[in-house]
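The values are calculated or read from the model by the stated rules, or taken from the named source; none is laboratory data. These numbers were taken from a predicted model, which means no experiment stands behind them. Cβ coordinates were reconstructed from backbone atoms using ideal geometry, including for glycine residues, and neighbour counts include every protein chain displayed.
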């Protein structure tokens, strides 16, 4: 009887603990949190089987029905990273983070994971992910972890997990983060050049250091192209200038973070005097009519901080007004911003 009572008490304690545990936020298998079972299937497919811990569930589905998405990569000449889930280091109380370490000396950790998405060519997309360095204060973080997220606008999808510098340099990358023991979100944007783009996470640590780098919780979303500027101007856009010629103009500006750039412009009038074809018996005070057309969009410029856009097909001896746009991860959001639109800058073609 006593033994049965102990069993019942133990079951009650376990049930009570399960009820009291914080509920884990849903893992949608995409960007909110890594689908680790997916990742593991891809990783072991390349022959790496010493992952250190048991496999995780695939969103409640069986292993055979779990389609993988994320794949590992690293730079040729660096250590092959050791990758595993770490439960108590996630951003949620009971969530998992994807932990990267390496074992060895004289080299460093330089790699991450990647996945591809189907998109619409010409549209702009933004990818974010949270990263941190350092397991805890008892395991010192790398002096410099250089954690980034990136996008390949061409949809480059490596068929091997070893990447070369030319492919890495062709991607758009976020600013480098060295956040230790606390997650910091990073973001990057790109204009799709085809029907797919590829998202990358990346860490490039100091040599001769055993780092712990964690990735957890992200997002993937489209930033709509702007056809009409907003009424609020952004302080992130500075140093705007225009150099017009007879049928074109070069617009330049700077942003304090890397962004994509674009210019909205429209014709507002002529510099040529108007001569009436018939005599007038009254005085005309010009301008009588404001001949302002619809906004036109330039091409979208490269991911950078110093921007230059060439406007072509302009008419000579005409005045144009213009507004500068920027698309990217700005003030913690995937967004578009613009320069002054209530009093736009102007130029006149000679």
- Task: Filter region 192-229 for residues that are in a loop (DSSP other than H, G, I, E, B), within 26 Å of residue 324 (Cβ to Cβ) and in contact with a strand residue (DSSP E or B) (Cβ under 6 Å, 6 or more places away or on another chain) and give the result.
- Result: 226, 229
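Yes or no, residue by residue, for (1) within 18 Å of the chain's Cα centre (by Cα); (2) outside the structural domain of residue 80 (by TED's automatic domain parsing); (3) modelled with pLDDT of 90 or more:
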| residue | (1), (2), (3) |
| --- | --- |
| 182 | no, no, no |
| 185 | yes, no, yes |
| 192 | yes, no, yes |
| 195 | yes, no, yes |
| 199 | yes, no, yes |
| 205 | no, no, no |
| 215 | yes, no, no |
- Taking residue 178, is it modelled with pLDDT under 95 and assigned by TED's automatic domain parsing to the domain that holds residue 101? yes
- Looking at (1) at pLDDT 95 or above; (2) part of a strand (DSSP E or B), find the lone condition where residue 122 falls short. (2)
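Taking region 230-244 as the search range and keeping residues that are exposed (fewer than 13 other Cβ atoms within 10 Å of the Cβ) and part of a loop (DSSP other than H, G, I, E, B), which one is modelled with the highest pLDDT? Steps first, please.
Residues of region 230-244 that are exposed (fewer than 13 other Cβ atoms within 10 Å of the Cβ), as a first pass: 231-232, 235, 238-239, 241, 243.
Then keep just the ones that are part of a loop (DSSP other than H, G, I, E, B); that gives 231-232, 235.
Working: 231: 89, 232: 87, 235: 93.
Step by step, filter region 230-244, then rank; the result is 235.
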- Return only the number of the condition from (1) in contact with a strand residue (DSSP E or B) (Cβ under 8 Å, 6 or more places away or on another chain); (2) at pLDDT below 85; (3) not in a loop (DSSP other than H, G, I, E, B) that residue 80 does not satisfy. (3)
- Query: Within region 86-108, restricting attention to residues that are at pLDDT 70 or above and under 22 Å from the mean Cα position of the chain (by Cα), which residue is surrounded by the fewest Cβ atoms within 10 Å (Cβ to Cβ)?
  - Reply: 91
